[in-house]
Amino acid sequence: MTSISLNELSQMFFRAAEKVDENKHQINLTNFFPVPDKDTGNNLSQTLNGIKAALLSKNINNLNDFKAIALEGALDSASGNIGIIYTGFLMGFLDSFGQIPIEINNLSVAFQNGFKKACDSIQNPKTGTVLDVIKAVSLSFSRESQKTKDIILAFQNSIKSAVKAVESTKSRVGISGKSVSVDAGGLGFLISLEGFLEGLKGKYIHQIQKQKLSPEPVIAFSDSGRYEIVCIIKSAQKDFNCLEKLGDSLDIITVNQKTKIHIHTNNPESAIQTIKSLGKIIKIETHDLLMQLETKGNIGIVVDGAADLPENIIKKYDVSVAPFNIIKSGSTTTTSQPSPKIYKELFRSHLKKYKKIICLTISSRLSGSYNSALQAKNFFDQSDKKRIYVIDSLCVSGGEGLLALKLLELIAKKIKIKKIIATFKRQISHVHTIALVDDPKWAEQGGRLSHSKANIVRLLKKLKLNPFLQIKDGVIKRAGFGYGGQDLANVMFDRLKKTDKSKRALQIIITHTAKRKLVKHLQSLLENYGFKIIFTNDITPVLGVHLGPDSIVCSYVDN
C-alpha cells in the first residue's frame with residue numbers, strides 16, 4: 001500500500017477505537033502515573049470512541065470535513081491526561097494532511113507534528129510517558145519514509161519502535177525511584193497504533209503482550225492534585241499560565257476557540273473560578289481522585305461510629321462501622337462503646353474478604369471502644385490475630401475520619417502493612433480537632449467534661465466569649481476562646497485563619513449539630529479564603545449527645 005484514501009483513513013480511527021476498547025482493562029491495570037486511579041484505558045477509549053461517533057454521525061465528503069469533525073469529537077469526549085494529550089496529537093497529525101490520497105511522506109510529517117502538538121498540550125512534559133512513545137513513532141516514520149513507500153511496512157516497523165519505547169518507560173517513570181510498570185498512556189498509544197494498522201490491512205494483528213505488573217506500586221498523589229477538573233470553555237484566550245499555580249497535571253488544547261482544560265488540584269473551587277474568568281464554561285466535571293482508587297483486596301478497614309464518615313465513603317470502600325449504644329435514663333442521655341461481640345462479628349466478616357484488617361477507634365481516653373476491639377481480637381486463634389491490627393486514633397469525629405481517609409490512601413498504594421502502620425501512626429499527631437459548643441451541659445452530663453471546666457465555659461459565654469474545646473493527647477481540653485458573640489461561623493473561621501500560619505490551604509472536615517444555614521456560611525467563609533472542605537457531615541448521635549445542639553467541630557491536618 002502506497003497511499004491512504006479517505007475511507008481508509010476512517011477505518012484507521014474506527015479500528016483504533018475498537019482496539020483500545022478491547023484492551024482498556026489491561027491499560028487501566030498499568031496506570032500509576034500521574035495518580036494510580038486506574039482509568040487511563042477508559043479515558044483513551046472514551047476519546048477515540050468520541051471521534052468514531054462523530055465521524056459516523058455526519059456525511060463526510062472531503063478531507064477538511066473529516067479533520068473538523070474528528071477534532072470536534074475528540075475535544076468533546078477527551079477525558080483525563082491521555083484524552084487531552086491524544087487530542088493534541090490529533091491536531092498536529094490531521095492538520096498535516098492537505099489532500100487525499102495520503103502518502104508515506106505525509107504520514108512522516110503528520111507524526112512529527114502530532115508529537116509537537118502533544119508536547120504543547122502539556123504544561124510540564126515528562127520523560128517516561130506517552131510522549132516518549134509518540135516521539136519514537138515519529139522518528140521511525142521519518143526513517144521509513146526515506147527507505148520505502150510501503151505504508152504497511154512503515155507502520156509495522158514503527159510499531160516495533162513503539163513497543164521498545166513502551167518497555168523503556170518502565171525504568172523512566174522516576175517519581176518513586178523504582179520501576180513499577182510501563183506507562184499506561186504509552187501502552188494505550190501503542191494499541192491505538194496497532195488499530196491504525198489493522199484498519200488499513202482489514203484484519204487484526206496480535207502484538208500486545210500482557211504486562212507484568214509490580215505488586216507494590218508506590219506512586220501517590222502529589223501535594224497539589226487530589227481533585228481532577230476536566231472542562232471545555234469558549235475563549236479566544238491564548239495565555240493560560242494563571243492555571244499553573246493552582247495544581248499540576250495541567251493539559252490544555254484549543255480547537256476553533258474551544259479550549260479543553262485538564263488539571264489536578266487541591267482547590268477545585270478556586271480553580272473553577274479562575275477558569276470562569278478565562279471564558280464561558282460549556283462543560284465541566286470534577287472528580288475526587290481518592291474516591292477512584294481501588295482499595296479492596298488485601299486490607300479491609302473497620303472504624304467505630306465516632307468517625308463520622310459519609311455513607312458514600314463507607315459503601316464505596318466497604319468500611320465496616322461498629323455502632324455505639326445510646327442510653328436514655330430519664331432526662332439524661334449517654335453512650336456506651338461497641339461491645340467486643342460486635343467487633344468480633346465485624347472482624348470475622350472482614351477476614352473472609354481481606355487478608356488483613358486495620359481497625360481504627362475513637363481515642364481510648366474518651367471511650368472504651370479501643371479496649372472492646374482488642375478484646376474481640378483475642379477471641380481469634382493465633383493465625384487470625386496476626387491479621388488484625390487495632391489502632392487508637394487519639395481523635396474523634398472528623399479527626400478520626402481524616403485518619404480513616406489517610407488509611408484508604410495508604411492502602412491504595414499497596415505498600416506493605418508494616419509501612420502503612422508506621423506511616424499512619426506518624427500522621428496521628430498532625431491531626432487536630434477543635435469545637436465550639438453552645439451549651440456545655442451536654443458534655444458535662446455525659447461525663448466528657450468536668451463540672452469545673454463546664455462552669456468556666458458558662459462564665460466565658462456570659463462575657464460574650466466563645467470558648468474552644470480541642471482534642472489533645474486523646475482528651476478534651478480547653479483551647480482558648482474567640483470573640484464574636486453568637487456568630488459561631490466567624491468565630492471558627494477566625495480561629496482557623498490564625499492556625500494556618502504558613503499560609504498553606506488547610507484541608508478541613510466539618511461535623512456539626514448546627515443549623516444548615518450556619519454550616520453553609522462557615523463553609524463559604526473557609527472556601528473563599530482558600531481552605532479546602534473535604535466534606536461536611538452531621539455528627540453521629542454518639543457525639544451529638546455530648547455536644548448538644550448548635551455545635552460545630554472542625555478537623556484538619558497541620559502544615
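When V475, V166 are ordered from fewest to most other Cβ atoms inside 10 Å of their Cβ, what list results? Present the calculation step by step, with values, prior to reporting the outcome.
Working: V475 12, V166 26.
By the 10 Å Cβ count, ascending: V475, V166.
State the antiparallel share, in %, of DSSP beta bridges confined to the chain, rounding to the nearest 5.
On the way: 50 of 69 bridges.
Of all bridge pairs located within the chain, approximately 70 percent are antiparallel.
In deg cm²/dmol, rounded to 500, what helix-only [θ] at 222 nm does the chain give when every DSSP H run of at least 4 residues adds -39500 (n - 2.57) and the total is split over its residues?
Working: 21 runs with 269 residues, N = 559.
It comes out at -15000 deg cm²/dmol, rounded to the nearest 500.
With 10 angstrom as the radius, rank T87, T513 by how many other C-beta atoms surround their C-beta, starting from the fewest.
Working: T87 29, T513 21.
Fewest-to-most Cβ neighbours within 10 Å comes out as T513, T87.
May I ask you to sort E198, E345 by Cβ crowding, counting other Cβ atoms within 10 Å and putting the fewest first?
Numbers: E198 21, E345 14.
The most exposed by this proxy come first: E345, E198.
Which far-off residues, 5 or more places away or on another chain, put their amide H under 5 Å from the one on L250, with H placed in the peptide plane?
The list, which skips near neighbours in sequence, is Q123, N124, H264.
Considering only the other residues whose Cβ falls under 10 Å of the Cβ of N256, what net charge follows from Lys and Arg at +1 and Asp and Glu at -1? Write out the running numbers ahead of the final one.
Details: positive: K234, K258; negative: E72.
Here the count lands on +1.
Would you indicate which of [x] 1.07; [y] 1.22; [z] 0.96 is the value of Rg/Rh (Cα atoms, Kirkwood Rh) derived from the coordinates of this structure?
[x]
Return the inverse of the average 1/r over all pairs of distinct C-alpha atoms in the range 1-116, which is the Kirkwood hydrodynamic radius, in Å to one decimal.
Values: mean 1/r = 0.0686 Å⁻¹.
Roughly 14.6 Å, rounded to one decimal.
Which value, in nm² and rounded to one decimal, describes the direction-averaged projected area of the C-alpha convex hull of the range 431-557? Intermediate results must be reported in sequence, preceding the final value.
Details: hull surface 28.6 nm².
Projected area, direction-averaged: 7.2 nm².
Using +1 on the beta carbon of Lys and Arg, -1 on that of Asp and Glu, and nothing else charged, what's the dipole of the chain about the Cα centre, debye to 20?
1700
Using +1 at the C-beta of Lys and Arg and -1 at the C-beta of Asp and Glu, which of S77, T423, S96 has the Cα lying farthest in the positive direction of the dipole of the chain?
T423
What is the set of long-range amide H partners of T335 at a cut-off below 5 Å, with H atoms built 1.01 Å from backbone N?
When sequence neighbours closer than 5 places are left aside, the close amide H contacts are I327.
FYI, it's all coordinate maths here, none of it is from the lab. Note that the structure is predicted; figures quoted are calculated from it, not measured. Neighbour counts run over all protein chains shown; Cβ positions are idealised from the backbone, glycine included.
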